[in-house]
Amino acid sequence: MLKWLWLSVIVIALDQASKFLATAELTYAVPVYAMSSINWLLAHNTGAAFSFLSEAGGWQRWFFVILATVVSVVIVFWLKGLPRTDKWLAIALALILGGAIGNVVDRALYGYVIDFVQFYYIAESCVPGFYFNGIQCNWPAFNIADMAIVGGAILMVVDSVFGSKDTELKV
């Protein structure tokens, strides 16, 4: 099922190109209205999801590079061992792999992940997961690599619930 690696390459290319454009066209931390409930917002995340460990002092950069690299190698071997009938799982893994590599490139080159998409809504208070800036509730900024990882994870869950039950992991 390594034939699905082309999908990972597309995710990496789109992710890196979009981050290049965001860096070139946006001013750091200044939101730009894109459409209702979406801002373009250039942000640098030195941590993991939701800025977890972003204030850890720098060691987290190489920790996340190593972790994502190990996970990427495991995913490649997982893909290699999949039977041809596990098409949806292969697509999910390829999306996750592309997203992981897209973000690892940023961490290795810059020490942070470049984010630029932000969801928001106007309210007097926010639901958990959003943060309040006095006017609107903002979801932490994210990027195409993050979208691929989340999309791949959702696809994995859907496949595990509704997919074929007679497959086994071959690593």
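The values are calculated or read from the model by the stated rules, or taken from the named source; none is laboratory data. All figures in this text were calculated on a predicted structure; none of them were measured in a lab. Heads up, the Cβs are rebuilt from the backbone with ideal geometry, glycines too, and the neighbour counts pull from every protein chain shown.
Residues that are among the hydroxyl-bearing types (Ser, Thr, Tyr) and in a helix (DSSP H, G or I) within segment 53-112 comprise Thr69, Ser72, Tyr110, listed in sequence order.
Test of understanding: among Leu7, Leu41, which residue is at pLDDT 90 or above, surrounded by 14 or more Cβ atoms within 10 Å (Cβ to Cβ) and either on the phi > 0 side of the Ramachandran plot or not in a helix (DSSP H, G or I) (or both)?
Values: Leu7 fails: either on the phi > 0 side of the Ramachandran plot or not in a helix (DSSP H, G or I) (or both).
It is Leu41.
Annotation: Thr46 fulfils all but one of (1) modelled with pLDDT of 90 or more; (2) in contact with a Ser or Thr (Cβ under 6 Å, 6 or more places away or on another chain); the unmet one is (1). I'd like to check something: does segment 31-49 contain any residue that is within 17 Å of Ala148 (Cβ to Cβ) and touching a Lys or Arg at 6+ places or on another chain (Cβ under 9 Å)? For segment 31-49, residues within 17 Å of Ala148 (Cβ to Cβ) and touching a Lys or Arg at 6+ places or on another chain (Cβ under 9 Å): absent.
Among residues belonging to segment 111-128 that are of a type in the set (Gly, Ala, Ser) and free of Cβ contacts under 8 Å to residues at least 60 places away in the same chain, point out the one that is surrounded by the most Cβ atoms within 10 Å (Cβ to Cβ). If we take residues in segment 111-128 being of a type in the set (Gly, Ala, Ser) and free of Cβ contacts under 8 Å to residues at least 60 places away in the same chain, then Ala123 is surrounded by the most Cβ atoms within 10 Å (Cβ to Cβ). Taken over segment 115-157, residues that are part of a loop (DSSP other than H, G, I, E, B) and in contact with a strand residue (DSSP E or B) (Cβ under 8 Å, 6 or more places away or on another chain) amount to 10.
Could you list, in sequence order, all residues of segment 1-22 that are hydroxyl-bearing (Ser, Thr, Tyr) and within 15 Å of Phe142 (Cβ to Cβ)?
The first filter runs over segment 1-22 and keeps only residues hydroxyl-bearing (Ser, Thr, Tyr), leaving 8, 18.
Within segment 1-22, Ser18 is the sole residue that qualifies.
Among the residues making up segment 68-83, a single one is more than 21 Å from Asp146 (Cβ to Cβ) and either of a type in the set (D, E, K, R) or within 16 Å of the chain's Cα centre (by Cα) (or both): Lys80.
Anything in segment 74-121 that is of a type in the set (Phe, Trp, Tyr) and over 30 Å from Ile38 (Cβ atoms)? List them, or say none.
Start the filter on segment 74-121 by keeping residues that are of a type in the set (Phe, Trp, Tyr), which leaves 77-78, 88, 110, 112, 116, 119-121.
Answer for segment 74-121, where residues must be of a type in the set (Phe, Trp, Tyr) and over 30 Å from Ile38 (Cβ atoms): Phe77, Trp78.
Please find, among Ala153, Ala145, the residue that is surrounded by fewer than 16 Cβ atoms within 10 Å (Cβ to Cβ), touching a helix residue (DSSP H, G or I) at 6+ places or on another chain (Cβ under 8 Å) and on the phi < 0 side of the Ramachandran plot. Can you show your working first?
On the way: Ala145 fails: surrounded by fewer than 16 Cβ atoms within 10 Å (Cβ to Cβ).
The match here is Ala153.
Residues in segment 116-142 that are polar (S, T, N, Q) and under 18 Å from Ala22 (Cα atoms): Gln118 alone. Filtering segment 10-38 to residues that are free of Cβ contacts under 8 Å to residues at least 40 places away in the same chain and part of a helix (DSSP H, G or I) leaves Ala13, Ala17, Phe20, Leu21, Ala24, Glu25.
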